[in-house]
Amino acid sequence: MRVLILGADGYLGWPTSMRFAADGHEVLAVDNYLRRRIALETDSEALLPTPPLPERARLFAELGGPRIEVRIGDCADYRFLSAVVRDFAPECVVHYAEQPSAPYSMKGYDEARLTLDNNLQATFNVIWSLLEHAPECHLIKLGTMGEYGTPDIDIEEGWLTVEHKGRRETFLYPRQAGSLYHTTKVLDTDLLWFYVRTYGLRVTDLMQGPVYGLSTGESDRDDRLLPHFNYDDIFGTVVNRFLAQAVAGIPLTVYGRGGQTRGYLNLRDTLNCVRLAADAPAGKGQLRILNQFTETFTVNEIAERVRRVGTAMGLPVTVRHLENPRKELEEHYYNPAHSGLLELGLKPNFMTDEVVAAMLEKILQVRDRIDVRKLLPRVAWSK
Ligand code: USQ
């Protein structure tokens, strides 16, 4: 297939580009380096320096990997994106081209505005580029489990059938996100649903939980092929932050009481899920929503696991409960469905002690690069 990857420089975008290319697809990787710019501005650079996208593609090819085409440009610029779609004529688009940090989106007006503008414009432009140039193309859009929030009832996979006064109808499952970033993904889903039901696009919207991990097989050839590994409070997800904190000898920063529960997945499973979705495209006029995670944990459970495995490796790991910088429930019911990807064939990579130990080993190799100033939260939800 001709696969267009938008946001291809990111934590998920680059490993996805390598995986699709390795699977024999023709890949065009597009990015405008927004994440790198925000990382520089907020002092949130990744643990290891990652070469620019064309250099990574060149290196991948030199090491025997297949060719990955690269275009640097902005998906929020319709002229650029629509020309890319017209010329490449993709059969599948993987859309990651969004500002992905919840804390960044809660920093202030400028950051909130950028998140709202960038994420909605990119999604709107992807939709219109497909309508104009590739209406049969399958769009795989990265959403988030955070769209649903933490309601006190079971979370279904995208949709909810409601009975009201003796009649019944199926709607998008109610969404109530906990940050502006997550809210942009709610708005994306609404936009997609409008264009799917009105114009017959084919869309898979993946509700993904927090991802952890560094390596993905393809990246084992050279550390310069690793994805951005962030451990700061802006781009670092909680597991990756705890791993870096354990190695740096800083207490693990559990926010509040630590009963916050989310659905997590290994970076390797993100790649597997996206590939499974691509292999079995959504039908014409179908918005297929899949909840993308493999297991649920409380923050306390993750901290305890990292502490236990780290201690066994001789690291002095302790846990500290900080005042929660976010506005979120710290103890709550959480029971989201996630059978869709398993039915498509997903074989999960669970967070075993061995997996945690392997990630700690990798970070230990570069422990001198950890900047402890990035480890404490710098953004609070309310002023
Ligand atoms: N947390 C801590 N200590 C920390 C960092 C986080 O206790 O040092 C807690 C947070 O308060 C939260 C949970 O860990 O309750 C998860 O936080 P996170 O930073 O790992 O994840 P989040 O901000 O929700 O965002 C991440 C990705 C985002 C994706 C989302 C999936 O950055 O792009 O959409 O995970 S989900 O959370 O399911 O919405």
Per the filter on segment 167-184, residues among the polar types (S, T, N, Q) and part of a loop (DSSP other than H, G, I, E, B) are Gln176, Ser179
The condition of being outside any loop (DSSP other than H, G, I, E, B), open to solvent by less than 50 Å² (accessible area, probe 1.4 Å) and at pLDDT 95 or above holds, among Gly345, Gly310, only for Gly310
Picking from Thr204, Thr198, the residue that is among the polar types (S, T, N, Q), away from the ligand (no atom under 14 Å from the Cβ) and without any contact (Cβ under 8 Å) to a residue 12 or more places away in the chain would be Thr198
Within segment 121-137, of all residues that are open to solvent by less than 40 Å² (accessible area, probe 1.4 Å) and part of a helix (DSSP H, G or I), the one farthest from the ligand (Cβ to nearest atom) is Leu131
Notebook entry, point to check: Got at least one residue in segment 71-89 being in contact with a Lys or Arg (Cβ under 7 Å, 6 or more places away or on another chain) and over 26 Å from Ala277 (Cβ atoms)?
Noted result: no
Scanning segment 143-164 residue by residue, the ones that are assigned to a strand (DSSP E or B), touching a Ser or Thr at 6+ places or on another chain (Cβ under 9 Å) and farther than 15 Å from Ala177 by Cα total 4
Ala244 meets each of (1) in a loop (DSSP other than H, G, I, E, B); (2) within 11 Å of the ligand (Cβ to nearest atom); (3) crowded, with 21+ Cβ neighbours inside 10 Å with one exception, condition (1)
Per the filter on segment 166-191, residues in contact with a strand residue (DSSP E or B) (Cβ under 9 Å, 6 or more places away or on another chain) and within 16 Å of the ligand (Cβ to nearest atom) are Tyr173, Pro174, Ala177, Tyr181, His182, Lys185, Val186, Asp188, Thr189
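The values are calculated or read from the model by the stated rules, or taken from the named source; none is laboratory data. Bear in mind the structure is a predicted one, so any value in this text is a computation, not a measurement. Glycine also receives a Cβ, built like all others from the backbone with ideal geometry; neighbour counts cover every protein chain displayed. Ligands, DNA and RNA are stripped out before the accessible areas are found, and what is left, the full protein with its side chains, is counted by its heavy atoms. Shrake-Rupley method; radii C 1.70, N 1.55, O 1.52, S 1.80 Å.
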